[in-house]
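To start, the structure itself, in C-alpha cells.
The values are calculated or read from the model by the stated rules, or taken from the named source; none is laboratory data. Model, not experiment: these values are computed from the prediction. Positions of Cβ are generated from backbone atoms using ideal geometry, with glycine treated the same way; all protein chains shown enter the neighbour counts.
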Amino acid sequence: MLVVATVALAYSLMQIRDNSSWVRHTNDVLRLIAGIERAVLQAESGERGYLLTRVGEYRAAYETAKSALPHAIDDLAKIVGDSAEQQQNLAAVRSSIEMRLAQLQRVVELAQDDPQTSLDILEQARVDLLTQRIERGLSTMTKYEQAVLKERQRNFERSNFAAAAVATCLVILALASGCVGAFLIERQRTMARQQASDQRLRELQAELLHVARLGTMGEMSAALAHELNQPLAAIANYLKGSRRLLQDSTDKSAERIRTALDKAAEQALRAGEVIQRLRQFVSRGETEKTNERLDRIVDDALALALVVAKDRAVEVSVNLDPTAERVLVDKVQIQQLLLNLIRNALEAMEHQEPRELEISSRRGEDGMLEVVVADNGPGIDPQLADKLFLPFMTTKTSGMGVGLSLCRTIVTAHGGDIQAEPRPGGGTVFRFTIPSADPL
Ligand code: ADP
C-alpha cells in the first residue's frame, strides 16, 4: 500500500512538473510569435518612414528589425520542433515573411533613386496582402498553441484527479487498516490481560484452598480435642476410683487387675497428652505476618468471591480508610477470612433484590484497623446468634459450619476480635480487627 501510495504521489508530482513545463513552453512560443509580429511591423514602419522622409534613422530601424527576424523565426522553429502542425504553420509564415522582407528591401533600396518604382512595389504589396497573411499565420500558430495547452491541462486535470482519487482511497485504506491494526493489538492486549488475571485468580484459588483445608482440619481437630478431653478425663477418674477400690483386696488376681488398671490410666493420660499437643499445635496458628496493602487483599478476595456470583448482579461498594492503607497480617489468611465473610454474605443475599455488599475500614484503637463486611440479606438466624463462631454450626444443608470458626481462629491469631451484629435496615454486619502497619 505504501509502495502504491508513493507511486501515485510520484506520478502526481510528475504531472504537476509536466504541466508547468507545458505552460512555460506555450509562454515561450507566444512570446516569440509576438516578437516576430512586432519585428515585421517595425520593419514595415521603418520602410515607410524611410520612403517618405529619406531619414537614415528609419532605415536603421528597418535594418535592425530585418536582421532580427530570421533569428526569431529559427528560435520559434526550435521550440515548435515537436509539433508537425506548428512546423507546417511556421513554414508558411516563414515564406510570407521572406517574401515581405524581399519587397521591403527593394522599396528601401529604390527609395532614393527610383521613388516611383518604390511606390509601385508598395502598391503591389497592398494587393499581395503579405502582411495580413503573416499576421494570420502567426495568429493560427498562437491559437494552435493555446488549444494544445488547453487540451494538455484538461488531460492533466483528469489524470491528476485520478491520482488524487487513488491517493485518497489509499489514505482511507491506510487509516482503516491502521484502525483494524489498533483494534487487533488492543484485543490481543485485553486477551493477554484477561489471561494474566485468570492465571492470578487460579493461583489465588489454589493458595486459599490449601489454607482453607488446613484451617478446616485445624478447626475440626480443635473441636474433636475439646469433645474428647472430657470423656478421657472421666475414663481417668473411673480408673483411679477402680484402683482405689482394689487397693485393700486380697484376691489373687487383684495385683494383675491393678497393673492392668495402671496401664489403662497411663494410656488414657497419654491420649490426653496427644490431644493436648494437637490443640496446642492448632491454636499456635503459625501465621507469617507481613506489611500488606489492605485494598489489594480486599480486591483479591472480592475477585475470587464474585467469580462464584458471576450470574447474580451484586452492588459492591468499597470504602477503605485512606489514612490506614497498610496492615501487618498473614496475607493469605486474611484473604481467606474476607473470602469466607463475602461468600457467606453472597449466599445470604441469594434471594434478595437488589444485593448490596459493603466493605469498609476505619482506624480502630491500639494500632488496630477495623474491617466491616455488611450485606442486606435476611440477617443471622436468632437460634444461631450466640454460637455463631463455634465449629459445626450451620443452617445450610450443604454447609459444614467451620467457616466462621476458622475466621475467629485467624482473627485471634492476629491479636484481633470478630463479631456479628444486625445491620440497621436489615442484613448482617461482620466486624473484625487486625493490626495496622501504618504509624499512628
Ligand atoms: P457455613 O457457611 O458452612 O454454614 P459458616 O461458619 O461460614 O459455615 O457459617 C455458619 C452459619 O452462620 C451459616 O450457616 C449461616 O446460617 C450463618 N451466617 C453466616 N454469615 C451470615 C450472613 N452474612 N448472614 C446471615 N447468616 C449468616
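Annotations
- Any chance residue 360 is in contact with a Ser or Thr (Cβ under 9 Å, 6 or more places away or on another chain) and of a type in the set (Gly, Ala, Ser): yes
- Some residue of the stretch 17-24 being basic (Lys, Arg) and closer than 20 Å to residue 146 by Cα: yes
- Per the conditions (1) within 7 Å of the ligand (Cβ to nearest atom); (2) acidic (Asp, Glu); (3) surrounded by fewer than 20 Cβ atoms within 10 Å (Cβ to Cβ), the sole criterion not satisfied by residue 356 is (1).
- Test for residue 316: is it modelled with pLDDT of 90 or more, near the ligand (Cβ under 9 Å from one of its atoms) and touching a strand residue (DSSP E or B) at 6+ places or on another chain (Cβ under 7 Å): no
- Pick from the stretch 116-136, criterion crowded, with 16+ Cβ neighbours inside 10 Å, touching a Lys or Arg at 6+ places or on another chain (Cβ under 9 Å) and not polar (S, T, N, Q), ranking: nearest to residue 69 (Cα to Cα): 134
- Leading residue by the ranking (farthest from the ligand (Cβ to nearest atom)) among those in the stretch 421-431 that are surrounded by 14 or more Cβ atoms within 10 Å (Cβ to Cβ) and in a loop (DSSP other than H, G, I, E, B): 423
- Selection of the stretch 80-91 for residues being aliphatic (A, V, I, L, M), crowded, with 16+ Cβ neighbours inside 10 Å and assigned to a helix (DSSP H, G or I) yields only 90.
- Condition check for residue 89 on (1) at pLDDT below 85; (2) under 27 Å from residue 149 (Cβ atoms): one failure, at (1).
- Test: residue in the stretch 19-26 that is within 30 Å of residue 106 (Cβ to Cβ), buried (at least 17 other Cβ atoms within 10 Å of the Cβ) and at pLDDT 85 or above: no
- Within this structure, residue 340 passes the test of being near the ligand (Cβ under 8 Å from one of its atoms), out of contact with any Lys or Arg (no Cβ under 6 Å at 6 or more places or on another chain) and over 18 Å from residue 423 (Cα atoms).
- Of residues in the stretch 160-182 being of a type in the set (Gly, Ala, Ser) and surrounded by 16 or more Cβ atoms within 10 Å (Cβ to Cβ), the one nearest to residue 44 (Cα to Cα): 163
- Residue within the stretch 397-411 that is within 47 Å of the chain's Cα centre (by Cα) and among the charged types (D, E, K, R) present: yes
- Pick from the stretch 398-420, criterion within 11 Å of the ligand (Cβ to nearest atom) and not in a helix (DSSP H, G or I), ranking: surrounded by the most Cβ atoms within 10 Å (Cβ to Cβ): 402
- Test: residue 38 is modelled with pLDDT under 90, in a helix (DSSP H, G or I) and in contact with a Phe, Trp or Tyr (Cβ under 7 Å, 6 or more places away or on another chain): no
- Pick from the stretch 359-379, criterion under 26 Å from residue 329 (Cα atoms) and within 11 Å of the ligand (Cβ to nearest atom), ranking: surrounded by the most Cβ atoms within 10 Å (Cβ to Cβ): 375
- Taking the criterion of being within 6 Å of the ligand (Cβ to nearest atom) and basic (Lys, Arg), the only residue of the stretch 380-397 that qualifies is 396.
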